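Data block below; observations after.
The values are calculated or read from the model by the stated rules, or taken from the named source; none is laboratory data. Treat the numbers as computed from the prediction; the structure is a model and nothing was measured. Here the Cβ positions follow ideal geometry from the backbone for every residue, glycine too, while neighbour counts run over all protein chains shown. Each accessible area value is taken on the protein alone, full model and side chains, heavy atoms only, with ligands, DNA and RNA left out. Shrake-Rupley method; radii C 1.70, N 1.55, O 1.52, S 1.80 Å.
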Amino acid sequence: MSNTEFPDDEIRHEQEFIDGLYARVDLLRGEAETSVADALAQGDKPMQARLERDILVAERSGLLAALNAVDGSLCFGRIDLADGRKHHIGRIGLREDDAERTPVLIDWRADVARPFYLATGHTPMGLRRRRHIATEGRTVTSLHDEILDLGDATRTGHEAPGGDDVLLAALNSARTGRMSDIVQTIQADQDRIIRAPHRGVLVVEGGPGTGKTAVALHRAAYLLYEHRELLARRAVLIVGPNPAFLGYIGEVLPSLGETGVLLATVGELFPGVRATAADTPEAAAVKGRAAMADVLAAVVRDRQALPDPVIAIEHDREVLMLDDGLVSVARERTRAAKLPHNVAREHFEGHILNTLTELYAERVGTDPYDGSSLLDASDLTQIRDELAENPEVWDAIDQLWPRITPRRLVADFLAEPDGYLPEEDADAIRRPVTRAWTVADVPLLDEAAELLGEDDRMARARAERERETQVAYAQGVLDVSYASRTYEFEDKEDSDPDASEVLSAHDIIDAERFAERQEEADHRSAAERAAADRTWAFGHIIVDEAQELSPMAWRLLMRRCPTRSMTLVGDPAQTAEAAGVGSWADILAPYVEDRWEHTRLGVNYRTPAEIMDLAAAVVRAEHPGFEPPSSVRSTGVRPWVRRVTDDLPGAVAKAVAELAPAEGRLAVIAPRALHRSLAAHLDGVTAGAEPDLTQAVVLLDPRQSKGLEFDSVLVVEPGAYGTSDLYVALTRATQRLGVLHTGALPRGLADME
């Protein structure tokens, strides 16, 4: 390329390239839609064809999802190598249809794309130039070139004096209420975390605005790319702090071409339960303690009862007495198997039936003269079978070793926790039996499910009956087919001696195989299947705001990932939940001891220096040695703090009008008790548990704002928050911050008034 080319020629060249990419994408989309439609239409083919169809549908559906997700910003960069080659970088990879499958667009996760993120003038990694391509829809709007080989005199007219222009433009752009990907602006320290090895536990610590959430999401996309076969089969779980946060990040992975990920809060990780109620901080703290595992184990053991004093069972005009001594032996033998309660019930049933058989045999089968038994083994078997048909026997077993569901066990315990906890703790968690669950209840339900297990004998018997019905139906179809063909051949045999050699369906398939072919295939994705299966083992788990999770929540998550392949993202300085563990060592020691890696992100990309200084002063007032992440930019706009003497809702409405950006989003962060009165004075704003973050103005409490960012933020009544909550609230803004208060200010804010 000569240095006499005009800038418009460069834009025209990139536009032509991108037009070609989208023509290819449109063709692929059409082919994928046709393939899916054709595959789904093949509904009644042999089993091999059915399996091939299922695979095709999954592949093509995934391709469709990826193509639809990236349609609008497919290509964002180019790297020019010292040897003259050029590679365009995009959100997905595309190849030519030639025999070599020549790359046309390089996936940002490929090794060849890594210099786009890591190369510097000091370490160019074989690059002459790095180009950032800005687009709106399918139209190229601008180019930004960085010269990495200073000895190369070629210029395009799109060079900029600052190497951070693209990053700063992204940081200063208006927010939309949804997190966008950072694939165009990944920094070197972020790239190293994104591409870290898959195995083991990686802890990513970072203060507000350091991009730790974005890094975690891009790490999920990278791992799915690098370990596609494993993780597409086992799925990746991303755990967020609340539903609003999950909605906020929900478009990031689809924009990177990845849809096979399950996003959930802890309150959504027990199938069939969605946590909608709220605990007091005291109740959440008690429920979250690791000791609750032992408490629930004791609750289960207490459900394995002894007679008080005996249970009388009438059988064949004899009354058999089960006393606590006999049942205690059966109970201890059953417990010795160390099986979950419901699974162990089958063993308990056997012990009780054997005990009752012995009691009955002594009554009716003992020689009165010498005390010898008059019954042989077959007699004892018959007696046992007859006892197994006695309803009184099963009533006794249900009383002594009942089948219990996790929901019933936890609900009953929370209604009557006395005797299992100190009085103060019992009073904190006590509540009437209700259908509404809290987030802190879900780990208890999961623990109960582990302790109880599932007695699936009835389900297996039901499935076997259904299968026998299907096989019988299939046999009937084959019999009709065979009879029809036999009748037809009898008429033709005289005229065609070879007619009897023609094979019928009866000759090449049996009823069982025929029934199997009629079974409906499960077209759900791995993430969808995982969401419905409490025992699913994920290939990798990413936890955001990990410092907030309780020890009981960690027990739940560790069960979901036996390989301990996890990425934990958080900031102990922002720990606000009373049940939060806070310390990484305390979290991980029970599961991996010291076999985990720790890395820290120290650059604040979100919060301007003026706002970060204020937030840091609040924390330093309580922790003098606190060091916040360093901000990369300054806006020149200082935050303000004002006292309100009357009409707080009216003052909030005026401040919102003052702070509202011309475009973008504003958050009012206030104590939950004020939400209704404030919402009444703010046009279009509603008070609710799950706010719509795409609205121009949104009303939140500090916990709801965790992980989110807005152009402007108004913090109301900061004295009502703890230090961690206030630190979170003050660091949500990317441009402007205001504080209104009627009461005393926390230390660190008073000097700003």
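Scanning the stretch 246-269 for residues that are part of a loop (DSSP other than H, G, I, E, B) and open to solvent by 20 Å² or more (accessible area, probe 1.4 Å) gives GLY250, GLU251, THR259, GLY260.
For the stretch 173-185, taking the residues that are open to solvent by 10 Å² or more (accessible area, probe 1.4 Å) and touching a helix residue (DSSP H, G or I) at 6+ places or on another chain (Cβ under 9 Å), the one that is farthest from HIS132 (Cα to Cα) is identified as ARG178. Kindly indicate the residue of the stretch 693-712 that is in a loop (DSSP other than H, G, I, E, B) and without any contact (Cβ under 8 Å) to a residue 60 or more places away in the chain and also farthest from ALA576 (Cα to Cα) among those meeting that condition. Selected residue: ALA696.
Does ARG101 satisfy the criteria of being closer than 28 Å to GLU258 by Cβ, within 37 Å of the chain's Cα centre (by Cα) and either in a helix (DSSP H, G or I) or touching a residue at least 24 places away in the same chain (Cβ under 8 Å) (or both)? Considered against the rule, which asks whether it is closer than 28 Å to GLU258 by Cβ, within 37 Å of the chain's Cα centre (by Cα) and either in a helix (DSSP H, G or I) or touching a residue at least 24 places away in the same chain (Cβ under 8 Å) (or both), ARG101 comes out as no. Residues in the stretch 667-690 that are within 26 Å of GLY748 (Cα to Cα) and either open to solvent by 50 Å² or more (accessible area, probe 1.4 Å) or among the hydrophobic types (A, V, I, L, M, F, W, C) (or both) were compared, and the one that is farthest from the chain's Cα centre (by Cα) is LEU678. Within the stretch 603-651, restricting attention to residues that are among the hydroxyl-bearing types (Ser, Thr, Tyr) and over 29 Å from ALA196 (Cα atoms), the residue that is most open to solvent (accessible area, probe 1.4 Å) is THR645. Only residues that are open to solvent by 30 Å² or more (accessible area, probe 1.4 Å) and outside any loop (DSSP other than H, G, I, E, B) were counted in the stretch 298-313, giving 5.
Scanning the stretch 104-118 for residues that are out of contact with any helix residue (DSSP H, G or I) (no Cβ under 9 Å at 6 or more places or on another chain) and either in contact (Cβ under 8 Å) with a residue 60 or more places away in the chain or of a type in the set (Gly, Ala, Ser) (or both) yields a total of 1. Screening TYR117 on (1) buried (at least 18 other Cβ atoms within 10 Å of the Cβ); (2) in a loop (DSSP other than H, G, I, E, B); (3) hydroxyl-bearing (Ser, Thr, Tyr) shows it passes everything except condition (2). Return yes when LEU224 is more than 12 Å from the chain's Cα centre (by Cα), within 17 Å of ARG529 (Cβ to Cβ) and open to solvent by less than 30 Å² (accessible area, probe 1.4 Å) and no when it is not. Yes. Does VAL183 satisfy the condition of being outside any strand (DSSP E or B), modelled with pLDDT under 90, within 28 Å of the chain's Cα centre (by Cα) and under 19 Å from TRP108 (Cβ atoms)? Judged against the criteria, VAL183 is a match. Quick check on the stretch 349-360. Is at least one of its residues of a type in the set (S, T, N, Q) and open to solvent by 50 Å² or more (accessible area, probe 1.4 Å)? Yes: one or more hits.
Listed by first and then second residue, the pairs with beta-carbon distance under 9 Å, at least 6 apart or on different chains, first residue in the stretch 624-644 and over 21 Å from ALA660 (Cβ atoms) and touching a residue at least 60 places away in the same chain (Cβ under 8 Å), second polar (S, T, N, Q) and open to solvent by 30 Å² or more (accessible area, probe 1.4 Å), are ARG633/ASN172; ARG643/THR742. When restricted to residues that are of a type outside the set (Lys, Arg), assigned to a helix (DSSP H, G or I) and either open to solvent by 70 Å² or more (accessible area, probe 1.4 Å) or closer than 25 Å to PRO309 by Cβ (or both), the stretch 381-405 contains 15. Taking the listed residues LEU445, LEU478, the one that is modelled with pLDDT of 75 or more and assigned to a helix (DSSP H, G or I) is LEU445, with no other qualifying. If you go through the stretch 528-544 and keep only what is of a type in the set (A, V, I, L, M, F, W, C) and either surrounded by 21 or more Cβ atoms within 10 Å (Cβ to Cβ) or more than 21 Å from GLY260 (Cα to Cα) (or both), you end up with ALA530, PHE538, ILE541, ILE542, VAL543. Entry remark, the stretch 545-570: residues being crowded, with 24+ Cβ neighbours inside 10 Å and farther than 21 Å from LYS287 by Cβ number 4 in total. Here GLY664 passes the criteria (1) modelled with pLDDT under 95; (2) within 33 Å of the chain's Cα centre (by Cα); (3) crowded, with 19+ Cβ neighbours inside 10 Å; (4) not charged (D, E, K, R) except the one numbered (3).
On the stretch given as the stretch 617-633, residues that are of a type in the set (Gly, Ala, Ser) and over 12 Å from LEU749 (Cβ atoms) total 3.
For the stretch 141-172, the tally of residues that are within 28 Å of ALA662 (Cα to Cα), open to solvent by less than 40 Å² (accessible area, probe 1.4 Å) and either in a loop (DSSP other than H, G, I, E, B) or free of Cβ contacts under 8 Å to residues at least 40 places away in the same chain (or both) stands at 4.
The residue of the stretch 314-324 that is nearest to ARG408 (Cα to Cα), among those that are open to solvent by 60 Å² or more (accessible area, probe 1.4 Å) and acidic (Asp, Glu), is ASP324. Scanning the stretch 582-602 for residues that are open to solvent by 40 Å² or more (accessible area, probe 1.4 Å), of a type in the set (A, V, I, L, M, F, W, C) and in contact (Cβ under 8 Å) with a residue 12 or more places away in the chain returns a single hit, TRP596.
Looking only at the stretch 163-186, which residues are among the hydrophobic types (A, V, I, L, M, F, W, C) and closer than 22 Å to ARG78 by Cβ? Scanning the stretch 163-186 gives VAL166, LEU167, LEU168, ALA169, ALA170, ILE182, VAL183, ILE186. No other residue among ALA653, ALA585 is at pLDDT 90 or above, closer than 30 Å to LEU682 by Cα and either out of contact with any helix residue (DSSP H, G or I) (no Cβ under 7 Å at 6 or more places or on another chain) or not in a loop (DSSP other than H, G, I, E, B) (or both) apart from ALA653.
Among all positions in the stretch 129-151, there is at least one residue which is more than 24 Å from ILE194 (Cα to Cα), over 37 Å from the mean Cα position of the chain (by Cα) and acidic (Asp, Glu).
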